[in-house]
Amino acid sequence: MKLGEWIARHRILILLIGMLLLVPSVIGIVKTRVNYDLLSYLPDTLETVEGQDIMVDEFGTGAFAMCVIDGMPMKDVQKMADEFKQIDHVKDVLWYGEVIDISVPAQMLPDNLRKKFFDGDSQLMVVFYDDTTSSDEAMGALTQMRRIADERCFIGGMTGIVTDIKDLCMQELPVYVVIASILSFIILLLATESYIVPAFFLIGIGVSILYNLGSNFFLGSISYVTQALTAVLQLAVTTDYSIFLLESYEENKKHYPGDREKAMGVAISQTFRSIVGSSVTTVAGFLALCVMTFALGKDIGIVMSKGVLIGVICCVTILPSMILVFDKLIDKTSHKRIIPSLDKISDFIIRHYRMWVLVLLIMAAPALYGSKNVSVYYNIAQSLPDDILSNMANKKLQDTFHMDATHVILLDKDLDRKTKQDIMSEVEKLEGVKSTVSISSLIGPLFPKEMIPGDILEMLESDEHEMGLVVSEYAPATPEVNAQIAKINSIVKTKDPGALVIGEAPMMKDLEDTTNVDLQRVNFLSMAAIFIIILLVFKSISLPFLLVLVIEFAINVNMAVPYFQNISLAFVASIVIGTIQLGATVDYAILMTNRYLAERMAGKPKMESVSIAHRTCILSIITSGMSFFVATFGVSAYSRVDMIGSICTLLARGALVSMASVILLMPAMFIIFDGLIMHTTMGFRKKKAVPADKPALKSR
């Protein structure tokens, strides 16, 4: 109470401090690096990640681009290769002219050598960068390569994909915020009784978003998925807090007429107690992501948990200060609540509670089956539109050279040349392997090593390892390429136990293996954490089961929809959606349960308690659910990055399904299990509650 009154009295000071804190926040946002390479979040203990480090440390390169050059004269290819070499952070360029003088006609080359570089009028060029795939240096080098190359050169590879993700996200991110803000403003206009209050809500939430994004500076970097979702999710999950504050303030103005500071002080204290309890489940859901081995979960979990906490603080400091300063303007711009009474709808739902239970029983099995069997993709390029430059280049590689992925084999340099040759020959015979490129395959096993061009040696050999490239006809993140990688590993490790098979496809295979384990762990932990929180809040053994059951049913329905639509989900969406939906929407069930318990403990009969709880909470639940829906739906409809769009689609639909599940199913749970709830919840026995099986007295 005293803290609330202090905030109300010092509203100008708080607003001034709040505005000043925006300066370091903006600086922090500018200084925080955004990571556009999701593969970089794989654990360091994996061989593929270890191999990437070896590539950088020993070969001075961490990434490469595969270029298809269509119908370009040899002298122009030579000129372009020379210009590529002049670009900062381009380490080497491997093409026909590096192996043999361009005056030698390609037709005179042996078939096995010619097919490595030529296919009809097209030829292949490999450009090595001196930094990692998603480094600013590598992406900058690729951007310059695109400027130099004309329409006859198609530049593929993971760095191109990451660069296109970055460019697309930078274009779309401001639009995400605008769309979410406009749609949320409309919902708030319908839910509140003022034309200007929704603007203050959005300003207060916007300030908290800037604080959160600015404080990410201390994390060093965040992923583009986290950056894109932070503003939208924070807006979606913290809008309720602002509504709670305003409703409490309006109510307390009636209790303290003429003393608005006192009314706001009490409102702040009441709201803080209320939203702390509400935010705990949301924070728990986000924190559950931090246990993922795949570090993207920790990235999202920390940033969003921090965002919810900052949102709570801003809701009880910045927002009440603005409301008090502009209180007279708010009164002048008030209007009647647009949403009509929902009492008749509430009565209909409660009267037909058995029907909603039947719906649950009918839908449960197909929902569970669909959610467990939904298709998930791990190919990051698949999250981008087909007309993006990197995907167009990768399609050209596939159509012209029948290559979808390139693996890198790192062999012990001291292994004898014949063994190395045998390894690469055996790998090349595997189904789906188009060709291999290594020192032996370029110059032959009998060619004296001393006569190998120095550039080739430096490119493919370090002090400890020799590099070989394997061109695969299979796309990354497919069962075929995963089986191929397993066979390659078996071949190379038989002859060289310390050998490593790395590259885009092997890392995506590790990504699939890692996240499959993470999915089970995160879902279990989030359910357990929220179960315990509900147990402690209500001091009930039965209620946690009922609340989690209803929301988990909603999650399964939500996840089953893509299965029946025959749509593949981005792997990130399949991992985070269950945890976020559970943490963010279980509050709807908690809100209604809290009111139901209060009425039952006050001695009211079962049906009356359920009816009061439902009628008083239905509008708040709809407002909250619709706010969550519109904030995420707009982004899902606009975004061309499916890694973001698919998450927002699931969140938007999940908000509606959770909202409907709570409104329709929670009254049925209370009615059916009222006796069990009474006997398993502390406090009921101390009250003279009317037994569930007796009719309510008229005096009640």
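Computed quantities for the displayed model
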read-out: DSSP-defined beta bridges in the chain - what % are antiparallel, rounded to 5; value: 85
read-out: Expected 222 nm ellipticity per residue - DSSP helices of 4 or more, -39500 (n - 2.57), all of the chain, to 500; value: -22500 deg cm²/dmol
read-out: Cα→Cβ-extended label distance, 7 Å offset, between Ile456 and Asp347, nm; value: 8.9
read-out: For Thr494, solvent-accessible area (1.4 Å; no DNA, RNA or ligand), Å²; value: 110
read-out: Angstrom value of the Kirkwood radius, inverse mean 1/r, which spans all Cα pairs in segment 550-616; value: 14.0
read-out: Portion, in percent, of the accessible area of the chain that falls on carbon or sulfur, probe 1.4 Å; value: 61
read-out: Test item: Cα-centred dipole of segment 8-162, Lys/Arg +1 and Asp/Glu -1 on Cβ, debye; value: 960
read-out: For the chain, size of Cβ-based charge dipole, Lys and Arg +1, Asp and Glu -1, in debye; value: 5440
read-out: Burial order of peptide ranges 625-634, 230-239, 269-278 (average beta-carbon count within 10 Å, highest first); value: 230-239, 625-634, 269-278
read-out: Nearest-20 debye value, segment 515-608 charge dipole, Cβ charges on Lys, Arg, Asp, Glu; value: 280
read-out: Simple spin-label estimate for Val178 and Phe326 in nanometres, 7 Å along Cα-Cβ; value: 2.1
read-out: Dipole of the chain, positive direction: furthest Cα of Met643, Met669, Cys290, with charges on the beta-carbon; value: Met669
read-out: Centre separation in Å (Cα based) which lies between segment 600-638 and segment 284-312; value: 25
read-out: Lys/Arg +1, Asp/Glu -1 at C-beta; segment 261-409 dipole; positive extreme among Phe326, Ala365, Val308; value: Phe326
read-out: Residue pairs, from the table Lys115/Lys166; Lys75/Lys116; Lys116/Lys429; Lys262/Lys306; Lys395/Lys493; Lys254/Lys539, whose Cα atoms sit over 23 Å apart; value: Lys115/Lys166; Lys262/Lys306; Lys395/Lys493; Lys254/Lys539
read-out: Gain on full stretching of the segment that runs from Leu430 to Arg9 - 0.36 nm per residue minus C-alpha separation; value: 143.9 nm
read-out: Given charges at Cβ of Lys, Arg, Asp, Glu: the chain dipole, positive-most of Leu16, Met72, Thr163; value: Leu16
read-out: Probe 1.4 Å - accessible area at Val283, Å² to nearest ten; value: 20
read-out: Per residue solvent-accessible surface (Å²) - segment 94-196, probe of 1.4 Å; value: 42
read-out: Residue-level accessible surface for Tyr256, protein heavy atoms, 1.4 Å, Å²; value: 80
read-out: Tail beyond 15 Å, pair distance distribution of segment 145-237 (Cα, percent); value: 70
read-out: Equivalent ellipsoid semi-axes, segment 312-408, via Cα gyration tensor eigenvalues times 5, rooted, Å; value: 51, 33, 14
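The values are calculated or read from the model by the stated rules, or taken from the named source; none is laboratory data. Note that this is a predicted model, so its numbers are computed, not measured. Don't worry about glycine lacking a Cβ; one is built from the backbone with ideal geometry, like all the others, and counts go over all protein chains shown. Note: areas computed on protein heavy atoms with side chains; ligands, DNA, RNA excluded. Shrake-Rupley method; radii C 1.70, N 1.55, O 1.52, S 1.80 Å.
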